[in-house]
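Chemist: First, the structure itself, so that you have it in front of you.
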Protein chains: 2
Amino acid sequence: MKHISRFSHLGELSDKDYFRIALSVDCVIFGFEDGELKVLVIKCNIKEYKGKWSLLGDLVRPDEDLDSASYRILKERTGLDDVYLEQVHTFGKVNRHPAGRVITTTYFSLVNIKDYQLKLNDNELHWHPVNDIKEMAFDHFEILTTCLERLREIVEDHPVVFNLLPRKFSLRELQSLYEAILNIKLDRRNFRKKFFMMDWLIDLNEYEEDVPHRPGKLYKFNQAKFGKKAKKVS
Amino acid sequence: MKHISRFSHLGELSDKDYFRIALSVDCVIFGFEDGELKVLVIKCNIKEYKGKWSLLGDLVRPDEDLDSASYRILKERTGLDDVYLEQVHTFGKVNRHPAGRVITTTYFSLVNIKDYQLKLNDNELHWHPVNDIKEMAFDHFEILTTCLERLREIVEDHPVVFNLLPRKFSLRELQSLYEAILNIKLDRRNFRKKFFMMDWLIDLNEYEEDVPHRPGKLYKFNQAKFGKKAKKVS
DNA sequence: TCAAAAGTGTTTCCTATACACCCATGA
DNA sequence: TCATGGGTGTATAGGAAACACTTTTGA
């Protein structure tokens, strides 16, 4: 390995002292089911945090771009690609991982739970209601909180939540999703007005079926208005 | 080093293949001078990018928190501590650094150029107008662009720009700063109204001196309204 | 007396919010 | 016929933006 002369004023430590950090990616994968915002978690199997939930993560390979690592992890764990994925924050406290110096970059993603069969591997992969989680392994609860805050900021302006819904959805489902994410109640009339005004929805002229009340109209997301912007890492 | 069993399903590579990544921090330090937004840069001395500007950065030490590293770099290069510093994004393309696998986490900071004597070391440290920069060493131009975008988002809602001004400033200086950051012209009357309404300013009942026109009133930032929030890494 | 910037109000428009009733469907 | 949610409109308030003239000071 060549000497990194850009950093050469640090004479005291040699390169091999620095190239001893591992970088991981942790994905906070949100889903929506039964009117609740959920997050994909897995039982932790290291002894320090035995039995606690942890996020889906993996080490970044030496020959792998950081962004690519996040896509790989999502693909490996859920079978999904071409979904919304966004980098949120990098956590780097010295002792955040008991096995050594591991710095982690976190991404969040939004997927429609029902559309895909999760690859339930050897480990206990599980959709857990976000609001029920009070602690996790490592610093993952802090990571979850940070990503949830970011999600709440982003949904105010950006049409990303459609990734959480089936292709066809009713306005009730959409509003229920916003209420789950923001953890507030919204006025139905104003909600509808706002969405029609923003022109994010395409009326499918179809109706819900198998609901025990008057069926609502179904809509799909007006993807054409946004192109690929809402689908790729920024 | 203990085996990281959390990642043990990756059988093909051993721990020592992963713990070979270096992590750096790059700081985008903004200043304001002569009505222009400037950024602190340094001449690059590695052969691949000889003579190009680069950001202030350094490798994260193995026993140093990521956030601490950003404070250390700022302190070493500018003598400043207790300034606004915020993590923006982590860049991790495989070949972004010619000397090896170096992933960098970027922070931006806002400092008042005039208040401090920069520690001009052996290298050519320099305040450069942001708008004049078209290319930089490494991926630093992309980093700069990303941080500038973040700055523009943040100043819309958060009172952070006061770090760029002297303690006492006129409304003209404040407006000129906003115009420099956002790269737009603002209406003076609406600008004044907005700031008085937000209650971010304290009227010092003092006036500018040595200006070749009618002196304006001086104000200071109403720090009490925000406590430490605007001063620390979030 | 001139140049340059300080200081000041009003109107308009748009958006956000609050709020209540009838309608269609399935059970 | 009843329960459940679907669907609709209006009034109000507050913030954003557009816009022009007088005043003060230094040169």
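Chemist: Given a 1.4 Å probe and every protein chain left where it sits, what share in percent of the accessible area of chain A is carbon and sulfur?
Modeler: C and S atoms contribute 49 percent here.
Chemist: Is the C-alpha gyration tensor of the protein assembly as shown telling us rounded, prolate or oblate? Criteria: a/c under 1.5 is rounded; beyond that, a/b larger than b/c is prolate, otherwise oblate.
Modeler: Taking the square roots of the gyration eigenvalues as a ≥ b ≥ c, the protein assembly as shown is oblate.
Chemist: Counting heavy atoms of the protein chains only and a 1.4 Å probe, report the per residue accessible area for the stretch B:53-108 as a whole number of Å².
Modeler: Heavy-atom accessible area per residue stands at 26 Å².
Chemist: Roughly how tilted is helix B:140-155, in degrees to the nearest 10 and between 0 and 90, from the longest Cα axis of chain B?
Modeler: 40 degrees
Chemist: Still on this structure, please answer the following. May I ask you to list the chymotrypsin sites (Phe, Trp or Tyr not before Pro) in the stretch B:127-203 that are in a DSSP loop and have at most 12 other Cβ atoms within 10 Å of their Cβ?
Modeler: none
Chemist: Continuing with this model, one more query. Enter the accessible area per residue of the stretch A:168-225 (Å², integer; probe 1.4 Å; all protein chains in place).
Modeler: It amounts to 67 Å² per residue over the stretch A:168-225.
Chemist: Amide H of B:Val160: which non-local residues (sequence gap of 5 or more, or other chain) have their own amide H closer than 5 Å, using H built in the peptide plane?
Modeler: none
Chemist: Compute, for chain B, the length of the dipole vector about the Cα centre, with Cβ point charges of +1 (Lys, Arg) and -1 (Asp, Glu) only. Units Debye, rounded to 20.
Modeler: Result for chain B is approximately 320 debye, rounded to the nearest 20.
Chemist: Shifting gears a bit: Accessible area lost on pairing A with B, both sides, 1.4 Å probe, Å² to nearest 100?
Modeler: So the buried area, both faces added, is about 4600 Å².
Chemist: Name the residues whose placed amide hydrogens come within less than 5 Å of the amide hydrogen of B:Leu218, ignoring near sequence neighbours (fewer than 5 apart) on the same chain.
Modeler: B:Leu204, B:Asn205, B:Glu206, B:Tyr207, B:Glu208
Chemist: Also, quick follow-up: Between A:Val39, A:Val25, A:Val155, which gets the highest mean-square fluctuation from a Gaussian network model of chain A, Cα cutoff 10 Å?
Modeler: A:Val155
Chemist: Work out which residues of the stretch B:53-75 lose at minimum 40 square angstrom of accessible surface when the other protein chains are put back, relative to the chain isolated, with a 1.4 angstrom probe, and list them by number.
Modeler: B:Asp58, B:Leu59, B:Arg61, B:Pro62, B:Asp65, B:Leu66
Chemist: I would also like to ask the following. Which of these, A:Leu218, A:Leu110, A:Leu56, has the largest mean-square fluctuation under a Gaussian network model of chain A (Cα springs below 10 Å)?
Modeler: Judging by the Gaussian network model, the answer is A:Leu218.
Chemist: List the relative contact order of chain B as a percent without decimals, with contacts defined as Cα pairs under 8 Å and 6+ residues apart.
Modeler: Reported as a whole number, the value is 22 percent.
Chemist: Does chain A classify as rounded, prolate or oblate by the C-alpha gyration tensor (a ≥ b ≥ c root eigenvalues; a/c under 1.5 gives rounded; else a/b over b/c gives prolate, otherwise oblate)?
Modeler: It comes out prolate by the Cα gyration axes.
Chemist: Right, here's the next one. For A:Ser176, A:Ser54, give the ranking by accessible area with the largest first, probe 1.4 Å.
Modeler: Highest to lowest solvent-accessible surface, that is A:Ser176, A:Ser54.
Chemist: Let me ask you something else. Is the shape of the stretch B:20-155 best called rounded, prolate or oblate, per the rule: a/c under 1.5 gives rounded, else a/b larger than b/c gives prolate, else oblate, with a ≥ b ≥ c the square roots of the Cα gyration tensor eigenvalues?
Modeler: rounded
Chemist: Which order do the peptides B:130-137, A:41-48 take when ranked by the mean count of other beta-carbon atoms within 10 Å per residue, highest first?
Modeler: Most protected by this proxy first, the peptides run A:41-48, B:130-137.
The values are calculated or read from the model by the stated rules, or taken from the named source; none is laboratory data. It should be emphasised that the depicted structure is a prediction, and the values quoted were computed from it without experimental measurement. When we count neighbours, we look across all protein chains shown, and the Cβ atoms used for this are built from the backbone with ideal geometry, even at glycine. Ligands, DNA and RNA are excluded from the accessible area calculation, which covers all protein heavy atoms including side chains. Shrake-Rupley method; radii C 1.70, N 1.55, O 1.52, S 1.80 Å.
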